[in-house]
Structure formats: structure tokens, C-alpha cells
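Novice: Let me begin by handing over the structure; questions about it come next.
Values in this text are rule-based calculations from the coordinates and carry no lab data. Since the structure is predicted, the reported quantities are computational estimates derived from the model, not experimental observations. Every residue, glycine among them, receives a Cβ derived from its backbone with ideal geometry; neighbour counts consider all protein chains shown.
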Amino acid sequence: MVKKVLHLLFLPCSEATLLMEKRNAQAISSKENWKLSMHLMICKWCKMYNKKLALLDALFKKTLSEKESEIKEFDIQDFKNKMIEKLDF
């Protein structure tokens, strides 16, 4: 029960996932980073999402560095945004 209350007070999951995406695209403020860190400490679902997001980013960057490709960072972020829309966050 306490975790649920803290979860809602600090940051809802929908905002946490958006902050994770924002952090990958650009720097986030220290306040946003603190809120996200607090959320990730208490939310196992967002913690797993964060790990998967990091894995996807690493795979995309590795693929881009190994091959000469016309895919740009913008294309990767656009792909991620479309995935989030389809997941209906």
C-alpha cells in the first residue's frame, strides 16, 4: 500500500516512461532525474522498461556503428515515438 501511494506521489508510470525517452534524446533537469530515480526504485515495471530501452538503444547504436547506414538518430527516436504511440502510453 505504501509503495502505491509513493508511486503516485513521486511520478506516475506514464510520465516516467516519457522521461526515460526524453533522457535518451536529450539531457533532463536534475529535478526530473531525481523524480525518475525515485520512481525507478519503487516500480519494477518501469525498471524493466528502462533496461529494455537501454538495450534497444545499445543495439541500434551498435548496428549503426558497424554498418554504414542512412539511418539517423532522428529516425531511431521517431521509431521509438511510434512504438510508444502504439503502446498507448
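Novice: Within the set of other residues whose C-beta is less than 14 Å from the C-beta of Lys35, count the net charge using Lys and Arg as +1 and Asp and Glu as -1.
Specialist: Numbers: positive: Lys22, Arg23, Lys31; negative: Glu15, Glu32.
Summing Lys and Arg as +1 and Asp and Glu as -1 gives +1.
Novice: Something else: Within 15 Å, Cβ to Cβ, of Asn50, how many net charges do the neighbouring residues add up to if Lys/Arg are +1 and Asp/Glu are -1? Present the calculation step by step, with values, prior to reporting the outcome.
Specialist: On the way: positive: Lys22, Arg23, Lys35, Lys44, Lys47, Lys51, Lys52, Lys80; negative: Glu15, Glu21, Glu32, Asp57.
With Lys, Arg at +1 and Asp, Glu at -1, the neighbours total +4.
Novice: Taking the mean number of other Cβ atoms within 10 Å as a proxy for protection, how do you rank 18-25, 53-60 from highest to lowest? Display every interim value, and only then the final one.
Specialist: Values: 18-25: 16.4, 53-60: 13.1.
Per-residue mean Cβ counts within 10 Å order the peptides as 18-25, 53-60.
Novice: Using R₀ = 30 Å, calculate the FRET efficiency as 1/(1 + (r/R₀)^6) where r is the Cβ-Cβ separation of Lys47 and Glu73; round to 0.05.
Specialist: Values: r = 25 Å, r/R0 = 0.83.
Efficiency, from the Cβ-Cβ distance: 0.75.
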